[in-house]
Amino acid sequence: MAKIDKVADKIRNLYNHANSHTRQKWEYINQKGFDFSNDNQLTENERQALADQGMPTFTINRITPIVEMLNFYATANNPRWQAIGVDGSDSDIAAVFSDMADYIWAGSDGNSLYSNAINDCITKSVGYMLVTVDPDSDNGMGDVVIQQPEPFDVFPDPKSRDILFRDAAYVLIKKVLPKGHLMQLFPEFKNNIKNASGQESEDNYTEKSTVKQKDFFYKDIHESESLKSDGELDKLIEFFEMYEKVKVSYVNVFYQIPPTEEELKQIKKQVDVQLQEMQKEMEVELLEQQTQMQAAVESGEMLPERFELEMEKAQKMMQDQLAAAEQQMMSEAQASVTKIENIVMSEKEYKIKLSDPEFAKVVVDNIQFYGTRIQQTCVAGDKTLYKKVLPENVTEYPIVPFHFKWTGTPFPISAVSPLIGKQRELNKAHQLMVHNASLGSSLRWMHEEGSIDTDMWEKYSSSPGALLPVRPGATPPTPVQPAPLSNAFFGIVNEGKNDMEYLAGIYAAAQGDTGAQHETYRGMLAMDEYGTRRVKQWLKASIEPALRQVGRVVQQYSQAVYTAHKVFRIVQPNALQGDKEVEINVPMYNDLGEAIGKFKDYASAKFDVRIVSGSTLPVNRWAYLAELKDLMNLGIIDDIAVLSETDIRNKENIAKRKSLYAQLQGQIGQMEESIKDKDGTIETLQRQLVQAGIKNQVMQATVEINKEKEEVKSDIKEEYRDTSAKQKILRNVMETEVAKGTKEVGLAVKEAQNVLKNNLQQTSE
């Protein structure tokens, strides 16, 4: 008798417990919602019944546009996470997490996964994201990746009452996979997979006839075998992946960090200085005592032997006091620089380290506690592949649910389920209306038996101008008109559409119906604001907490995986920003080339991860650009920041040109300032020359200025005579230049005259 695998048997029992009647009913309801959203709204029996009655079998799908709009509201923008350091030392490395989250998100094609998860949330009531590690990525260094499991493959603990399953005893993922595929995924467990036995359980969704009709959902396709790459049949087998929270015994160890050799040297120097001062004081006291006792010996009050004995005792006491003081000073100084730190380790690891006398000597205290860890177990059929505890950093379930409407249980409600009844109502109303119109356009006849040639009447009764014979004496056939439809049908259709919009919270205006749009810009913005409040509440209550949890799990996994030096390249979504490089765990070395630590030590940093509220919501482009313009006018941002948010083509080239213009403008400003400085220098030199009494240069300068003045006048007069148009233009130039020149010449002449006058007075004297 084969030995029973207890772990595999336990997981099978947990799966049977989770796959309860309530679970099967929930899956059945939400499978219908998924089918209706994909325009698969009639069962095979319903189609056949309509066909037998001559009724149309089409449907008017009003659900899909609602699903698409809800998905758009939730995924219009990428989610953004923000990390806040626990203390100041972690603030810098915490800022790195946002970039790392972008790196992991892009590497996992997060946008596509997130959109699929939200679509599952809307149609199947819940979507999932699974954070895990690809150990083979980056040449075996490993990378954190995000996956998107099928919701109907996930079986959480039915007793869970937390929206994120944080209180669940376990979370199961069940798949049915070919053995060959499993062997490729887990080559190290090839023998176990090969020898495993088990078969796929019966499908719970039984409304449709899978023999006559293929549906969209994969579970409706019943197969027991798959093809290998060589074309041979490969058996399918159940594969279980279970996550459960376990308690692990830990010890918080407090230990001393003794002073370094350099610190000990400094302590010894300080103690030696204090001891020298103390010794000097004690030697003076001993000398005073010796003087007193010598006087006593000379007066006969003390024997010489007593003097010698007392002096020996005093010297010994001084030496003992100095030694005791040195020991106390060294102890106190060492205690002042000795640090007490703590480290958390498993109880098993603590016991091993405690056997080391050096470690035991520095331990001052310990606190035992139990920490939460995540245990992962994988089972193929009736064989256990492996059981392992995830890295210490990972304390949250790596699978995160996105509920549409949480019910306080693992069985939420989808957005589609409340719409199914109205959708069927609309389908039925349209089918009846079309059927009635078809009957009205194709006449039916009532006639006496044998009064007409039925074949001829069937062939020609609808032909214009046809002459149809009737047996003599017989009553001619009379047309049978269909009963007119009640006006209630048209009201049902209109009210049905409105009811579906009301139930979903997605109105016609939000779907682009121009007839429902507000005439004014402000009115349109107000409608957009009020019309999306229910959607925003759903995002705030269900989606953002899930995204925040995804960020936390990504943080925990990333701190466990990225422990080595690594450089990430982040491709920015905005072309104006350029690519960004992020570096973590940069090794630091001392002068001897020895590793002494890490700069930006990502693994040891402590920070809290939050989702940026509303980061996924769509943005009204007009309102957003208007706000950016106002911020630019206030000087808070520049025009380049506004340009980066627009949809203008070639905005990269525009930004480059503006940057070049700014540089040129700066250079021109610098040149103008330089010219002003040089002009000031020239004026200063001119004044110095005048003050030094250099008459010839002053007179020559005056002559040159007058000459230039005359040349300018001559040129202006010549140009003035050319054309009347040039005269008008140059008149202003001449007047300006003449006035400027006259002023300069007048000042120069006046100054020269003063100098000459002073020189003449000095000569006459």
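Summary of computed values
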| quantity | calculated |
| --- | --- |
| Lone unmet requirement of (1) at pLDDT 80 or above; (2) more than 17 Å from the chain's Cα centre (by Cα); (3) outside any helix (DSSP H, G or I) for residue 72 | (3) |
| Cβ-Cβ under 6 Å pairs, at least 6 apart or on other chains, region 256-271 side assigned to a helix (DSSP H, G or I), far side at pLDDT below 85 | 263/337; 267/333; 271/330 |
| Region 529-572, subset of a type in the set (Val, Ile, Thr) and not in a helix (DSSP H, G or I), residue modelled with the highest pLDDT | 563 |
| Wholly within region 285-390, strands (runs of 3 or more DSSP E) carrying at least 1 residues that are over 60 Å from the mean Cα position of the chain (by Cα) | none |
| So residue 166, is it over 23 Å from residue 562 (Cβ atoms), part of a loop (DSSP other than H, G, I, E, B) and within 24 Å of the chain's Cα centre (by Cα) | yes |
| Cross-chain or 6+ apart pairs with Cβ under 7 Å, region 335-351 first and closer than 11 Å to residue 255 by Cα and at pLDDT below 85, then outside any strand (DSSP E or B) and not aliphatic (A, V, I, L, M) | 338/258; 338/259 |
| Region 169-191: number of residues that are out of contact with any Leu (no Cβ under 9 Å at 6 or more places or on another chain) and closer than 26 Å to residue 115 by Cα | 3 |
| Options 299, 336; residue that is under 17 Å from residue 269 (Cβ atoms), assigned by TED's automatic domain parsing to the domain that holds residue 274 and of a type in the set (Ser, Thr, Tyr) | 336 |
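The values are calculated or read from the model by the stated rules, or taken from the named source; none is laboratory data. Nothing here was measured: the structure is a model prediction, and the numbers come from that model. Neighbour counts are summed over all protein chains in view; Cβ atoms, including those assigned to glycine, are modelled from backbone coordinates with ideal geometry.
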